[in-house]
Structure formats: C-alpha cells, structure tokens
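Input: a single structure, listed below in structure tokens.
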Amino acid sequence: MKTGIVLLALAACNDSAPTNMQSDAPAGSNAIHDAPMADVPGGTGEPAELMGMTLYTNQVRAMVDTTGVAGGPLPPMQWDPNLASYAAAWAAQCQSSNGQLLDHDPNRTNVAGYAYIGENIYASGGTATAMGAVQLWASEKSSFTYPNTCSGTCGHYTQLVWRDSIHVGCALHNCSNLAYPSTIVCDYGPGGNIGGQAPY
C-alpha cells in the first residue's frame, strides 16, 4: 500500500549522457518560483495542466552563470506544439519495461521537425505537476560541474540548460498500468546531451 506522494524521475535518455545515477534534493540556490500564469510569449499554447512549464524551465536557464562562456546568457525556451503532440503520442502508449515508470521513446530522430529530440520523463504516485518536474530535474545541478562533469545524475538538468535546445513540448498522461502512473514527458528540440559536449 502506498502512502503519500512518491516522486520519481528517469535520466534524460541519451547514450552519451553522464552516468552514475543518484537522486539529489532540490538545492535552495536553484529554486524556481511558483507562478499561476503562462510564460508569455514562451508558454503560449501550453495546456492548462502543464501551465508554467516553460516559465519554470526558463527560470532555471536564467540562473545559469555563463560568465566567461561564449554566447552569454542562455536563450529562453519556447513552447512547441509539434513537440507536445509527439510527447503526448508517446506517453499515451504507456510502454514500460519494468511496470514502474514509462520508458523513453527509442525513436527520437527525424521527428517533430528536428534531427534529434531530447527527452525528460517525470512520474508520480500522486498528480505530476510542471513545477514538480522542473524542480526535480533542476536539483541535479548540484551534481554537475561545468563544462561536463557529473558526480551523480545530471542528464535532466543538462537538457534543461542545453543552449541549443530552444523549444520544448510536454504532455501529462495517466498510465494506470504503471506503479507511478501520473507521467510528464517533455521533448526538447533540438535535443541536448550530445557527444560529451558542454551544455552551454
């Protein structure tokens, strides 16, 4: 019998993403702020159940210290309805190899208008929320050292702050066949965590 809300996350799926997975509590210096409104214009088109996804993501991106990094501050992400539709189609399949959590989509090349898309997945025994997902993914910052060293799980965080990933689309789906059914899938275009590169 489950008690309370159990939150889980899967590593950002990419063969070259950092390994040595472990969970970290959200760091106070990386906290995001709740806001009941859409991230306009970035969040234009977000469904009500995911309102604020781009806002929270862009708050994390704005906190990145890019001092001395070519390109300056990270550009904000924008909501992409094609990525959201693609994420929704994958989430609706409720495929899981372990019966606990949704698997990552293995076919994320040449889809939704991108050569490759990145993917973060968040699951909860309660109701998954945009803020909860981004907070958990952002908490991996404490394991990341620029340019590309990871002392634990970092793949979600590095996808959030990947400079070239400027579009995001997400879907919330309930997979009743899974132990943690309430699932958020976010797809990013173009995808990050590529070939050992620094995220920004």
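The values are calculated or read from the model by the stated rules, or taken from the named source; none is laboratory data. Because the structure is a prediction, the values reported are computed rather than measured. FYI the Cβ positions are ideal-geometry reconstructions off the backbone, even for glycines, and counts take in every protein chain you see. Areas reflect the complete protein model, heavy atoms only, side chains present, ligands, DNA and RNA absent. Shrake-Rupley method; radii C 1.70, N 1.55, O 1.52, S 1.80 Å.
List of remarks:
- Of all residues making up segment 141-200, the number that are outside any helix (DSSP H, G or I), of a type in the set (A, V, I, L, M) and closer than 22 Å to residue 81 by Cβ: 6
- Matching residues, segment 42-94, being more than 17 Å from the chain's Cα centre (by Cα) and of a type outside the set (Gly, Ala, Ser): 44, 65, 66, 67, 69, 73, 93, 94
- Scanning segment 59-92 for residues that are out of contact with any helix residue (DSSP H, G or I) (no Cβ under 9 Å at 6 or more places or on another chain), under 23 Å from residue 108 (Cα atoms) and in a helix (DSSP H, G or I) yields 81, 82, 83, 85, 86, 87, 88, 89, 90, 91.
- Of all the criteria given as (1) surrounded by 21 or more Cβ atoms within 10 Å (Cβ to Cβ); (2) in contact with a helix residue (DSSP H, G or I) (Cβ under 7 Å, 6 or more places away or on another chain); (3) not aliphatic (A, V, I, L, M), the one not satisfied by residue 151 is (1).
- Given (1) part of a loop (DSSP other than H, G, I, E, B); (2) modelled with pLDDT under 95; (3) hydroxyl-bearing (Ser, Thr, Tyr), number of the condition residue 29 does not satisfy: (1)
- Selection count, segment 60-88, where residues are open to solvent by 40 Å² or more (accessible area, probe 1.4 Å) and in contact (Cβ under 8 Å) with a residue 60 or more places away in the chain: 9
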